[in-house]
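The values are calculated or read from the model by the stated rules, or taken from the named source; none is laboratory data. Worth saying up front: this structure is predicted, and the values here are computed from it rather than measured. Note: ideal-geometry Cβ built from the backbone for every residue, glycine included; neighbour counts use all protein chains shown.
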Ligand code: HEC
């Protein structure tokens with residue numbers, strides 16, 4: 001009976017731990033970037049066919065006070081790219097509007113968090129930053 005009980009407990013614990021462990025794994029933002037974004041976005045300048053990540057992240061940091069707000073705005077842009085939502089309007093005219101990259105909600109959030117974390121204040125916000133976008137600097 002004791003053996004039976006402990007076997008039951010082991011399998012109960014395993015069935016609770018294993019699936020929830022797998023589900024709790026947050027998607028890896030960097031892996032998503034490498035898979036779905038890096039074909040167009042480089043991390044550092046020079047650009048491929050889209051603005052590089054670090055200057056973009058810097059823009060998001062200048063525009064939004066908190067990571068939560070910045071990530072929400074970026075995820076919203078990714079859900080439905082729209083020139084009216086883009087922070088970098090010059091990039092829209094230079095590269096064209098980003099096409100929709102279909103991703104599950106949690107991947108959109110994870111990759112936006114990764115993007116946000118690439119912030120590097122030692123680098124600027126990209127070409128033309130502070131010119132047409134001066135309102136960003138005055139906040
Ligand atoms: C087919 C090329 C392409 C792919 C793939 C791509 N992008 Fe873009 N992305 C662009 C271009 C072009 C722009 C600049 C024009 C614009 O803002 O729409 C851009 C702009 C952006 C911006 C800035 C929007 C703003 O506020 O100005 C973010 C953030 C972004 N991309 C994130 C991503 C993420 C995250 C992925 C992967 C899930 C991704 N992109 C995949 C082409 C691409």
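Against the list (1) outside any helix (DSSP H, G or I); (2) closer than 15 Å to residue 112 by Cβ; (3) more than 8 Å from the ligand (Cβ to nearest atom), the condition residue 75 fails is (1). Kindly establish whether residue 109 is over 12 Å from the mean Cα position of the chain (by Cα), touching a residue at least 12 places away in the same chain (Cβ under 8 Å) and more than 6 Å from the ligand (Cβ to nearest atom). Answer is no for this residue. Among the residues of the range 84-99, those that are loosely packed, with under 12 Cβ neighbours inside 10 Å and within 7 Å of the ligand (Cβ to nearest atom) comprise 96, 99. Against the condition without any contact (Cβ under 8 Å) to a residue 12 or more places away in the chain and touching a helix residue (DSSP H, G or I) at 6+ places or on another chain (Cβ under 9 Å), how does residue 69 come out, does it pass? For residue 69, the condition - without any contact (Cβ under 8 Å) to a residue 12 or more places away in the chain and touching a helix residue (DSSP H, G or I) at 6+ places or on another chain (Cβ under 9 Å) - is met. Taken over the range 86-121, residues that are in a helix (DSSP H, G or I) and farther than 11 Å from residue 57 by Cα amount to 14. Is there a residue being modelled with pLDDT of 95 or more and in contact with a helix residue (DSSP H, G or I) (Cβ under 7 Å, 6 or more places away or on another chain) anywhere in the range 89-100? No; the residues of the range 89-100 include none that is modelled with pLDDT of 95 or more and in contact with a helix residue (DSSP H, G or I) (Cβ under 7 Å, 6 or more places away or on another chain).
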